[in-house]
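Participant: Here's a structure for you.
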Amino acid sequence: MAVTKILVANRAEIAARIIRTCREMSIPTVAIFSDVDRGAMHVRLAVESIPIGKTPAMSGYADVEKIIAAAKRAGADAIHPGCSFLSCDPNAARNIIDAGIVWIGPSPEILETMGNKVEARKIAESAGVPVLPAVIGQMDDEILYEQAKKIGFPLMIKAIKGEHGKGIRLARSLVELQRSLPWVKGDAIVHFEDDQTYLEKFLPRPHHLEVQIMADQYGNVVHFWERDCSIQRRFQEVLEEAPSPFATHELRNSLGEAAVAIARKAGYVGAGTVEFLVDENRNFYFLEMTCRIQGSHQVTEWITGQDIIRWQIEIAMGRKLPLKQADVPLWGHSIQARINAEDPVRDFAPSSGRISYLRTPAGRNIRNDSGVYNGWTLAPSYAPTLSKLSSWGFSREEAIRRMATALSEYRVGGVRNNIAFHKALNEHPAFRRGDTNTSMLDNNWWGVPELGDDLKFVVAAALFDELEMEEMRAQQPPNRDGEARSSQWKLHGKFNRV
């Protein structure tokens, strides 16, 4: 089936990313925007744009009826949901398909099945893929506690429909389980309108590896190797790299085969990511399947030379996969840092406001996926993402060096940011060795003032602030004496601006 115009049902850097690929494919695009996003980057890049409502986000970007109406108004015959909002909503996908519009994503049935973590575990088990011990099913709390004791603590309490790090909490003892279970159920109701939970054995200090798969409508499935997403905070990825420095050749092939087996068993069509936890002995266990494009897809594109968004669109148009597994390359190494407007020394509190100065890095094998620009105002209603900065090298060492250079060039004024944090992380001995796990950021080594400062991070952050202020002063017009006007910016606390 032909697709002649695509409405992008998302915002920020992922919407801009999709629009750029559509341009290469000569497919016109339609952007939607909330009231605070009227001048956003994705709106400027699209051929057409349609207002979708006011903030908060859920009143617009996730309102499927408004989005269908916007698509019909613009004459769009396909909708790409990006990596949030509608992307994993089976009801939204069903409504869009019923409206006669192409849904660029997995079917509603797949979204329902694989979006349920318990059902996804069953599919993985039936495909012969290991899973961690769990307590599953509706039961009285007392019976649940007894079952938990049999598995043994610590345990993870998980919402069956949880995603984005929400609806999950660690219980190290029976007392913590009793205290945390109502919290997880309440969080699940708020975010997913479903309070069902299950318990899963906690794996200490695991590596979080995920495999990108692509599947077409003709039963063909390939994987694009693995990404290492072990560096996390609050179950959210902070830095990704591909391939994993922890994976051996045997583990890499086993993970790829397991991911493809799960996708085949599920009857999957489209782009998806199968996620695994791997222990120190390289035993791996199925964690979940994410049924959409992910924010870490850039590192996969670097090492394979493929455009995953293009593959998504072509699969939705009914085309076969252009490559077989033996033809999928694995070139070099890539690293990606998630650059956010947040304050690392204040527990990563999000920052909002007008970007008064912006200089983004460039150079050989550097990519900066962004949805912001100089003068843009970051609204507190949305995730404080500035960009996803990635580098590529023939070796991991070369990719690390290029990332260090890119971070040293990156300047952002007007909002607090985590660039200095990423620079310190890039220089951390454990990261340089590839010795990372999901608990790496738990010890606050970057230096929260109340817990003791890490001198290198403090100096780096202060230096970044001073460089930004110097560059902003240099841009100001001279006063009557011919000297640059004194900056109105000043240091606040250790190294934050007012």
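Participant: Could you give me the ³J(HN,Hα) list for region 209-226, computed from phi with Karplus coefficients 6.51, -1.76, 1.60 and θ = phi - 60°, whole Hz, x at Gly and Pro?
Facilitator: Each residue's phi maps through the Karplus curve to give 10, 10, 10, 6, 10, 9, 9, 9, 7, 10, x, 8, 9, 10, 10, 10, 6, 10 Hz.
Participant: Show the residues, 5+ positions off or on another chain, whose built amide H is closer than 5 Å to the amide H of Leu287.
Facilitator: The answer is Glu275, Phe276, Leu277.
Participant: Let me ask something additional. By count of other Cβ within 10 Å, fewest leading, how are Phe276, Phe85 ordered? Please report the intermediate quantities before stating the final value.
Facilitator: Details: Phe276 24, Phe85 21.
Ranking Phe276, Phe85 by Cβ neighbours within 10 Å, fewest first, gives Phe85, Phe276.
Participant: OK, next. State the extension gain, in nm to one decimal, for the chain segment bounded by Asp347 and Arg364, taking 0.36 nm per residue of separation less the distance between their alpha-carbons. Don't skip to the end; give the middle numbers.
Facilitator: Details: separation 17, 0.36 × 17 = 6.12 nm, distance 3.36 nm.
Value of the extension gain: 2.8 nm.
Participant: So, in nm, how far is label Val131 from label Phe235 when the simple model puts each one 7 Å beyond its Cα toward the Cβ?
Facilitator: Going by the 7 Å Cα→Cβ label model, 1.7 nm.
Participant: How large is Rg/Rh for region 133-201, to two decimals, with Cα atoms and a Kirkwood Rh? The partial results should precede the final answer.
Facilitator: Details: Rg = 10.9 Å, Rh = 11.7 Å.
Dividing the radius of gyration by the Kirkwood radius yields 0.93.
Participant: While we're looking at this one, here's another question. From the backbone phi of region 255-263, what are the Karplus-calculated ³J(HN,Hα) couplings (6.51 cos²θ - 1.76 cosθ + 1.60, θ = phi - 60°) in whole Hz, Gly and Pro given as x?
Facilitator: 5, x, 5, 5, 4, 5, 4, 5, 4
Participant: Amide H of Ile160: which non-local residues (sequence gap of 5 or more, or other chain) have their own amide H closer than 5 Å, using H built in the peptide plane?
Facilitator: Amide H neighbours of Ile160: Gln196, Thr197, Tyr198.
Participant: Per 0.36 nm of contour for each residue apart, how much would the distance between Ser439 and Asn91 grow if the chain were fully extended, relative to their Cα-Cα spacing? It would help to have the intermediate numbers written out before the result.
Facilitator: Working: separation 348, 0.36 × 348 = 125.28 nm, distance 3.55 nm.
The Ser439-Asn91 span can extend by a further 121.7 nm.
Participant: Multiply the residue gap between Asp140 and Thr377 by 0.36 nm, knock off their C-alpha separation, and tell me the result in nm, one decimal place. Walk me through the numbers before you get to the answer.
Facilitator: Details: separation 237, 0.36 × 237 = 85.32 nm, distance 4.93 nm.
Contour length minus Cα-Cα distance gives 80.4 nm.
Participant: Which cross-chain or sequence-distant (5 or more) residues have an amide H under 5 Å from the amide H of Ser49, H modelled 1.01 Å from N in plane?
Facilitator: Placed amide hydrogens put Ala31 under 5 Å from Ser49.
Participant: Rounding to the nearest 20 debye, state how big the charge dipole of region 242-367 is about its Cα centre with +1 on each Lys and Arg Cβ and -1 on each Asp and Glu Cβ. Mind showing how you got there, number by number?
Facilitator: Values: 15 positive and 13 negative charges, 108 e Å.
Around 520 debye, computed over region 242-367.
Participant: Per-residue ellipticity at 222 nm for the chain, helices alone: DSSP H runs ≥ 4 residues times -39500 (n - 2.57), over residue total, nearest 500 deg cm²/dmol?
Facilitator: On the way: 15 runs with 169 residues, N = 498.
Helix contribution divided over all residues of the chain: -10500 deg cm²/dmol.
Participant: Taking +1 at the Cβ of each Lys and Arg and -1 at the Cβ of each Asp and Glu, which of Phe235, Ile355, Met214 sits farthest along the dipole of the chain towards its positive end, judged by Cα position relative to the Cα centre?
Facilitator: Working it through, the farthest residue towards the positive pole turns out to be Ile355.
Participant: At Glu119 and Lys72, where each label point lies 7 Å from the Cα along Cα→Cβ, what is the point-to-point distance in nanometres?
Facilitator: Between Glu119 and Lys72, the label points sit 2.8 nm apart.
Participant: Give the average over all directions of the projected area of the C-alpha convex hull of region 6-104, one decimal, in nm². Mind showing how you got there, number by number?
Facilitator: Working: hull surface 21.0 nm².
Averaging across all directions leaves 5.2 nm² for the Cα convex hull.
Participant: Also, quick follow-up: What list of ³J(HN,Hα) values in whole Hz, one per residue of region 401-410 in order, does the Karplus curve 6.51 cos²θ - 1.76 cosθ + 1.60 (θ = phi - 60°) give from phi, with Gly and Pro shown as x?
Facilitator: Each residue's phi maps through the Karplus curve to give 4, 5, 5, 4, 5, 5, 5, 5, 8, 6 Hz.
Participant: Under a point spin-label approximation (7 Å from Cα along Cα-to-Cβ), what is the Asn220-Thr248 distance to one decimal in nm?
Facilitator: 3.3
Computed from the coordinates by the stated procedures, all read-outs in this text should not be read as laboratory data. Bear in mind that the values here come from a model prediction, so they are computed numbers and not experimental data. Backbone-built Cβ (ideal geometry, glycine too); neighbour counts: all protein chains shown.
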